[in-house]
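Here it is: the structure, laid out below.
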Amino acid sequence: MNRIGGLVALGACLWSTDALAGDWSSFSAAFPLLPCQDGWMGCVVYDQHVDPELRRDAAGRAIPADARIGWFDLTATAAFSPFAGLSSYDGDSVAAAEAPEPDPAATPPTEPDGGTDGGPDDRHDAVASVEDDRAEQASIAADNAAANAEAARMARQAAQREAEEAAAKRKEADAAAVKQRQQEELARKAALDAQKRAAAADQAQKAQLDREAAAAAAKASEMEQARQQADAAAEAQRKAEDAARVKAEAEEKRRQDAERQKLAAEEAAKVAAAAKEQKAAEERARLEALKAAEVAAQAKSAEEARLKAEKAAAASNTTTTVVTPAVQDAAIATAAMADTGDCADLVKLEPFASLGKLEPATTACLETRLANAPKMTDKKKISGILMADAWAKGDKDTWETLIKRHLDEIDQSDPDLCYKYALHLSRQGPGRASGVIRWANVALENRMVWIGDTYTSRVYSLYKVRAAASQSLWMQAEDEHKAAPTDETRQKVEQYRNMTKVNAREWYEYAKSSGKDATTAQQLCMSAAGTADYCEAG
Amino acid sequence: MTWLVFAWSIVASAADDEGIPVTVRVLDAATELPLPTAVVRHPQEQDRHRVNTETGTWTGSVLYMPDGSELFFAKGMPLEFEVSAPGYVNQSVTYVVRRRRNEVSVRLEKMAIDMSQEDPDDITIQFGRDKPID
């Protein structure tokens with residue numbers, strides 16, 4: 001009994017040891033060889049090291065390293081990663097070499113004592129040994145079979161575990177794939193939502209921008225309208241101001257025209273009065289001439305009567321003659337006047353006129369003849385004689401009257417006359433400057449009558465005298481403006497300054513082209529223009 | 001005192017921005033009297049500046065060019081003026097602007113146009129002829 005109990009206890013111990021401890025393969029579930037989700041033995045998840053050793057959950061309880069959630073509290077562990085897939089192993093897989101199984105049939109049985117002799121004891125011994133051998137072999141075989149069965153069972157268990165692990169891993173992989181697909185689906189949906197939201201936001205922004213653009217356009221149009229209105233108002237204001245200015249200018253012009261007309265009327269009245277006076281003087285001269293002619297006729301008849309009386313007295317030998325001093329003087333005067341009162345032959349009168357020896361009767365006769373001459377050529381000749389006589393006598397006033405009448409009423413084609421008259425006027429002061437300019441221009445229009453040096457010198461002189469007259473007008477206007485500056489005086493100053501500038505430049509250009517002295521002309525031009533550029537241009 | 005200095009600095013800075021004034025005085029070279037009808041002009045400027053009729057002076061600190069730009073007178077700037085008057089010879093002067101007391105006196109010579117060679121007595125008027133006298 002004790003032996004049996006001992007065997008049972010030993011067997012129980014052996015069984016319990018096998019049941020409790022067995023070998024390390026029983027704890028393979030607690031110590032997974034590849035705990036990491038990517039299939040590796042070790043890894044770092046966040047800051048936690050994952051390896052085949054036991055891990056601790058939040059409460060400190062031991063759990064396997066490959067447990068994804070805690071056994072007791074179902075909380076996620078470091079190995080819980082639905083996104084990590086299995087990492088690829090690129091190393092060469094090496095198959096573990098299996099140790100060859102010893103062949104039980106090839107193992108010779110071991111002899112207990114070492115040699116046999118073939119007797120009955122030997123046969124008994126042989127039988128016993130054979131039976132012992134058989135029992136031993138059977139035991140060995142049984143052991144081997146048990147070992148093989150155990151190995152097979154272990155292999156089955158290992159295979160089952162591996163299959164379970166593979167299934168679990170497949171399941172996990174499937175779950176991971178499913179989860180990943182779900183995640184991807186979620187991500188796609190999120191992207192779609194984001195896209196929709198972005199589209200909505202773009203539309204909203206676009207709508208906002210459109211609204212802002214519309215508001216800005218409306219504001220711009222309002223501002224444009226306001227600007228147009230302001231421009232229209234300014235335009236209307238400007239037009240009103242222009243109209244007012246035009247009206248004021250027209251008013252001023254009317255006033256100036258009225259003033260000019262008044263002055264012209266006064267001037268015309270003066271001229272008419274002067275003409276009337278001159279006509280009266282001519283009439284008086286004509287009457288005197290007639291009276292003188294009558295007196296001459298009376299004297300002539302008296303002389304004839306005297307001669308007759310003398311003849312009669314001579315015939316009767318009487319020497320009585322009655323001669324009064326007045327009649328005698330009148331006779332002498334008449335004789336003299338008879339010699340000069342005939343103005344029919346103009347050629348004969350020319351030398352007298354050149355010397356200034358024409359008598360008043362002759363002059364009166366010429367005036368009468370001039371007034372009655374039907375041809376302009378006759379008028380021209382008669383006027384020439386009268387002018388020559390007046391100039392030779394030194395009677396510049398009469399000469400001026402005669403030449404003015406000649407140029408205004410008879411003929412302007414003689415540049416010598418115009419030139420002489422312009423020179424004469426230039427010596428009369430600034431008041432005659434307008435006449436100087438006028439008759440200098442007329443002379444220049446007919447300058448082609450001259451030739452050679454006469455042409456050069458007289459044209460140069462005409463330009464000079466005209467420029468000098470312009471300058472005198474300018475200086476006079478400056479003095480008037482200085483004394484009483486007004487817009488009118490300022491305009492007059494500018495007008496005469498421009499006239500001086502133009503005339504001086506023409507003088508300067510002709511002086512340069514004709515080889516005459518151009519210094520004074522240049523100075524005058526620069527003085528009027530204010531700069532040398534105008535005078536030297538062109 | 002402080003506000004005086006402040007006001008003077010403002011005036012000085014404003015004056016710098018507006019240009020340094022330059023005075024041109026135009027005189028008759030013979031009589032040394034001011035020419036009341038004189039005109040001062042810059043060669044590049046269109047305007048003609050009349051002098052004061054009493055003093056014969058013109059004072060300016062800026063010129064307005066035809067293109068609309070402004071020429072402020074600054075220290076060290078060379079200025080060219082053309083001074084003219086009716087009856088006087090034109091004169092161009094160049095003046096370098098100083099910091100202050102910029103006064104230029106320009107004397108103009110009288111212009112004499114000699115008309116002595118033009119005598120109306122020298123012109124003989126010919127009597128007109130229908131037929132020339134042999």
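Quote to one decimal, in nm, the extra length available between A:ALA484 and A:MET223 on full extension: 0.36 nm per residue of separation minus the C-alpha distance between them. Write down the numbers at each step before the final one.
Working: separation 261, 0.36 × 261 = 93.96 nm, distance 5.09 nm.
Full-extension gain reported as 88.9 nm.
Averaged over peptide A:524-532, how many Cβ atoms belonging to another chain are found within 10 Å of each residue's Cβ? Intermediate results must be reported in sequence, preceding the final value.
Values: counts 6, 1, 7, 11, 3, 4, 9, 9, 4.
If you average over the peptide's residues, the count of other-chain Cβ atoms is 6.
Could you tell me the center-to-center distance, by alpha carbons, between the stretch B:26-62 and the stretch B:75-119 in angstrom?
9 Å
Please compute the length gained on full extension between A:ASP453 and A:ALA200, using 0.36 nm multiplied by the number of residues separating them and subtracting their Cα-Cα distance.
Gain on extension, A:ASP453 to A:ALA200, equals 80.8 nm.
Looking at this model, which pairs from A:LYS396/A:LYS420; A:LYS482/B:LYS110; A:LYS381/A:LYS404; A:LYS404/B:LYS110 are more than 22 angstrom apart at the alpha-carbon? All intermediate terms of the calculation are to be shown ahead of the outcome.
Working: A:LYS396/A:LYS420 12 Å; A:LYS482/B:LYS110 19 Å; A:LYS381/A:LYS404 15 Å; A:LYS404/B:LYS110 34 Å.
Those over the limit are A:LYS404/B:LYS110.
What are the ³J(HN,Hα) couplings of the stretch A:210-223, residue after residue, when phi is run through the Karplus curve with 6.51, -1.76, 1.60 and θ = phi - 60°? Round to Hz, x for glycine and proline.
Going residue by residue, I get 4, 4, 5, 5, 4, 5, 5, 5, 5, 5, 4, 5, 4, 5 Hz, with x marking Gly and Pro.
Hey, another quick one. Cross-link partners among aspartates and glutamates for A:LYS512, C-alpha distance below 14 Å, same-chain residues fewer than 8 apart left out?
List returned: A:GLU536.
Going by amide H atoms built from the backbone, whose H comes under 5 Å of the H on B:ILE20, apart from near neighbours?
Sorted by chain and number, the residues that satisfy this are B:PHE73, B:ALA74.
Residues with amide H under 5 Å of B:LEU79's amide H, sequence separation 5 or more or different chain, H placed in the peptide plane at 1.01 Å from N; which?
Here the answer is B:TYR95, B:VAL96, B:VAL97, since their amide H atoms fall under 5 Å of that of B:LEU79.
Follow-up question, since we're still on this one. Could you tell me the calculated FRET efficiency between B:PHE72 and A:ASP533, based on Cβ-Cβ distance and R0 = 35 angstrom, to the nearest 0.05? Don't skip to the end; give the middle numbers.
Working: r = 24 Å, r/R0 = 0.69.
Using R0 = 35 Å, I get an efficiency of 0.90.
If you don't mind, another one. Give the average, rounded to an integer, of partner chain Cβ atoms located within 10 angstrom of each Cβ in A:411-418.
On the way: counts 1, 0, 0, 3, 0, 4, 3, 0.
If you average over the peptide's residues, the count of other-chain Cβ atoms is 1.
Okay, next question. For labels at A:VAL246 and B:VAL96 in the simple 7 Å Cα→Cβ model, what's the distance in nm?
A separation of 5.7 nm, rounded to one decimal place.
Within a 10 angstrom radius of the beta carbon, how do B:THR31, B:THR55 rank from fewest other beta carbons to most?
Working: B:THR31 10, B:THR55 13.
Starting with the residue having the fewest Cβ neighbours, the order is B:THR31, B:THR55.
Within a 10 angstrom radius of each residue's Cβ in A:456-465, how many Cβ atoms of other chains show up on average? Whole number is fine. It would help to have the intermediate numbers written out before the result.
Values: counts 0, 2, 2, 0, 2, 4, 1, 0, 5, 3.
Other-chain Cβ atoms within 10 Å of each residue's Cβ, averaged: 2.
Using a cut-off of 26 Å between alpha-carbon atoms, which lysines can reach A:LYS308, once sequence neighbours fewer than 8 places away in the same chain are excluded?
Leaving aside lysines fewer than 8 places away in the same chain, those within reach of A:LYS308 are A:LYS291, A:LYS300.
Also, I was wondering about something else. Take the alpha carbon gyration tensor of the stretch A:424-538, find the square roots of its eigenvalues, order them as a ≥ b ≥ c, and report rounded if a/c is under 1.5; if not, report prolate when a/b exceeds b/c, else oblate. Walk me through the numbers before you get to the answer.
Numbers: a/c = 2.63, a/b = 1.49, b/c = 1.77.
Here the stretch A:424-538 falls in the oblate category.
How big is the Cα convex hull of the stretch A:153-235 in projection, averaged over all directions, in nm²?
Numbers: hull surface 25.9 nm².
Computing the convex hull of the Cα atoms and averaging its projections yields 6.5 nm².
Pop out the ³J(HN,Hα) list for the stretch A:180-197 in order, Karplus 6.51 cos²θ - 1.76 cosθ + 1.60 with θ = phi - 60°, rounded to Hz; leave Gly and Pro as x.
5, 4, 4, 4, 4, 4, 4, 5, 4, 5, 4, 5, 4, 4, 4, 5, 5, 4
Quick check: residue separation of A:LEU192 and A:ARG369 times 0.36 nm, minus the Cα distance between them. What number comes out in nm? Working shown, then result.
Values: separation 177, 0.36 × 177 = 63.72 nm, distance 12.67 nm.
Stretched fully, the A:LEU192-A:ARG369 segment lengthens by 51.0 nm.
Continuing with the same structure: Testing the spin-label approximation: label points 7 Å from Cα along Cα→Cβ at A:GLU53 and A:ASP73. State their distance in nm.
Once both label points are built, they end up 2.1 nm from each other.
Quick check on the stretch B:49-134: take the gyration tensor over C-alpha atoms, sort the square-rooted eigenvalues as a ≥ b ≥ c, and tell me if it's rounded (a/c under 1.5), prolate or oblate. The partial results should precede the final answer.
Working: a/c = 4.70, a/b = 3.24, b/c = 1.45.
The shape class here is prolate.
What distance in nm separates the simple spin-label points at B:GLN117 and A:VAL271, each placed 7 Å from Cα in the Cβ direction?
With each label placed 7 Å out from Cα toward Cβ, I get 3.6 nm.
What is the order of B:MET77, A:MET499, A:MET448, fewest Cβ neighbours within 10 Å to most?
Working: B:MET77 15, A:MET499 19, A:MET448 9.
By the 10 Å Cβ count, ascending, the order reads A:MET448, B:MET77, A:MET499.
For the stretch A:520-525, take each phi angle, set θ = phi - 60°, evaluate the Karplus expression 6.51 cos²θ - 1.76 cosθ + 1.60, and give the result in whole Hz per residue in order, putting x for glycine and proline.
5, 4, 5, 4, 5, 5
What whole number of Å gives the distance from the Cα centroid of the stretch A:478-538 to the Cα centroid of the stretch A:413-435?
Each part reduced to its Cα centre gives a spacing of 20 Å.
Based on alpha-carbon centroids, what's the gap between the stretch A:348-390 and the stretch A:212-285 in Å, whole number please?
Cα centroid to Cα centroid, the span is 52 Å.
Tell me which residues come under 5 Å, amide H to amide H, from B:GLU103 once H is placed; ignore anything under 5 positions away on its chain.
Close amide H contacts, sequence-distant or interchain: B:THR23.
Which lysines, if any, have their Cα less than 21 Å from the Cα of A:LYS253, not counting same-chain residues under 8 positions apart?
The qualifying lysines are A:LYS239, A:LYS262, A:LYS492.
Same structure again: Sorted from fewest to most neighbouring beta carbons within 10 Å, what does the list A:ASP517, A:ASP416 look like? Spell out each step's value before the answer.
Working: A:ASP517 13, A:ASP416 17.
Ranked by crowding around the Cβ, least crowded first: A:ASP517, A:ASP416.
Coordinate-derived values only; no laboratory data. Quick caveat: nothing in here was measured; it's all calculated off a predicted structure. Using ideal geometry, Cβ is built from the backbone for each residue, glycine included, and neighbour counts are taken over all protein chains shown.
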